[in-house]
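What follows is a structure written as structure tokens; I'll ask about it next.
The values are calculated or read from the model by the stated rules, or taken from the named source; none is laboratory data. No experiment lies behind these values; they were computed from the predicted model shown. All Cβ positions, glycine included, derive from the backbone under ideal geometry; neighbour counts span all protein chains shown.
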Ligand SMILES: NC(=O)c1ccc[n+]([C@@H]2O[C@H](COP(=O)([O-])OP(=O)(O)OC[C@H]3O[C@@H](n4cnc5c(N)ncnc54)[C@H](OP(=O)(O)O)[C@@H]3O)[C@@H](O)[C@H]2O)c1
């Protein structure tokens, strides 16, 4: 399928590892130049080299903390000197669970810190890169939220807050930017097999003396995932790539679930 992405450019936040790296690789395979934004320079450089070798596209490394407006503005200014047009903004960066205890017991500072990172962070990145997004129908903003916005993962209150708000911000920005022909969509992944999660499954399987596949099948059944497995990072990247492409130009303001049916939430007959 011709996606019409060759020669465009995308910024991927949290692009140094995990889902963000898979998204950056997926877009690069379609000929998209990449700005990789995250805090850790070493991992950014490693991923950038990998992508350049694999796809031959330009990859600009932009070390920045999305928790700081100044840091994001500086990264956008530096990156857009190298790639003046940024067609696609992928807001993917997010923090891990800081602790597994009840979040109603957390401090004010901890709540604010989590919201400042993923939610206000995506607004900062969008604002800073927006002047570089063309107004010719190729502009895309793609927000990676998560199913904590749809159901209750018991210890994930701030993830639920961030992701639900991110979905709603998607609607507001889709309305705001429609006049500039920029589409804004959210992708809502369920459980995704990131590097860390795959290693955890291997470890658990060893401890239980079963194969990794057996462990995962039983784990995903317990989690209530009708498809019987978690998503691969490449499956998230494929959906992002389609939404970013010319083929996805009529998708706007959508909240696209990619969760193997997790949120259909069936009840016994
Ligand atoms: N994994 C899942 O199952 C799943 C499911 C649904 C949704 N999601 C969402 O998908 C996104 C990616 O998740 P993931 O599991 O791939 O995460 P991950 O492997 O922990 O990677 C997070 C990325 O974000 C960067 N990052 C973290 N804090 C940052 C900050 N303050 N400023 C800039 N970059 C920052 C990290 O690099 P540095 O640490 O170097 O900054 C890294 O590149 C998150 O928003 C998450 O909520 C994940």
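Okay, residues lined up against (1) touching a strand residue (DSSP E or B) at 6+ places or on another chain (Cβ under 6 Å); (2) part of a helix (DSSP H, G or I); (3) closer than 16 Å to residue 90 by Cα; (4) within 13 Å of the ligand (Cβ to nearest atom):
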{"position": "2", "(1), (2), (3), (4)": "no, no, no, no"}
{"position": "22", "(1), (2), (3), (4)": "no, yes, yes, yes"}
{"position": "42", "(1), (2), (3), (4)": "no, yes, no, yes"}
{"position": "54", "(1), (2), (3), (4)": "no, yes, no, no"}
{"position": "57", "(1), (2), (3), (4)": "yes, no, no, no"}
{"position": "75", "(1), (2), (3), (4)": "yes, yes, yes, yes"}
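State whether the residues of region 172-187 include one that is assigned to a loop (DSSP other than H, G, I, E, B), within 13 Å of the ligand (Cβ to nearest atom) and surrounded by fewer than 17 Cβ atoms within 10 Å (Cβ to Cβ).
The answer is no; no qualifying residue exists.
Let me ask something else about it. I'm checking my understanding of the structure. Among residues of region 254-267 that are surrounded by fewer than 17 Cβ atoms within 10 Å (Cβ to Cβ) and assigned to a loop (DSSP other than H, G, I, E, B), which one is farthest from the chain's Cα centre (by Cα)?
It comes out as 267.
Inspect region 112-123 for any residue being over 17 Å from the mean Cα position of the chain (by Cα) and either within 28 Å of residue 235 (Cβ to Cβ) or touching a residue at least 60 places away in the same chain (Cβ under 8 Å) (or both) and give the result as yes or no. Before you say what the answer is, go through the steps one by one.
Residues of region 112-123 over 17 Å from the mean Cα position of the chain (by Cα): 112-113.
Narrowing further to those that are either within 28 Å of residue 235 (Cβ to Cβ) or touching a residue at least 60 places away in the same chain (Cβ under 8 Å) (or both): none.
The answer is no, given that none of the residues of region 112-123 is over 17 Å from the mean Cα position of the chain (by Cα) and either within 28 Å of residue 235 (Cβ to Cβ) or touching a residue at least 60 places away in the same chain (Cβ under 8 Å) (or both).
Here's a follow-up. For residue 201, state whether it is surrounded by 14 or more Cβ atoms within 10 Å (Cβ to Cβ), outside any loop (DSSP other than H, G, I, E, B) and not assigned by TED's automatic domain parsing to the domain that holds residue 21.
Values: surrounded by 14 or more Cβ atoms within 10 Å (Cβ to Cβ): yes; outside any loop (DSSP other than H, G, I, E, B): yes; not assigned by TED's automatic domain parsing to the domain that holds residue 21: yes.
So residue 201 passes the test.
Which residues, taken from region 139-150, are more than 15 Å from the ligand (Cβ to nearest atom) and under 15 Å from residue 179 (Cβ atoms)?
At the first step, the residues of region 139-150 found to be more than 15 Å from the ligand (Cβ to nearest atom) are 139-140.
If the condition is that a residue be more than 15 Å from the ligand (Cβ to nearest atom) and under 15 Å from residue 179 (Cβ atoms), then 139 is the only one that fits.
Still on this structure: Would it be correct to say that residue 94 is assigned to a loop (DSSP other than H, G, I, E, B), within 21 Å of the chain's Cα centre (by Cα) and buried (at least 23 other Cβ atoms within 10 Å of the Cβ)?
Working: assigned to a loop (DSSP other than H, G, I, E, B): yes; within 21 Å of the chain's Cα centre (by Cα): yes; buried (at least 23 other Cβ atoms within 10 Å of the Cβ): yes.
Yes; evaluated as a whole, the condition is true for this residue.
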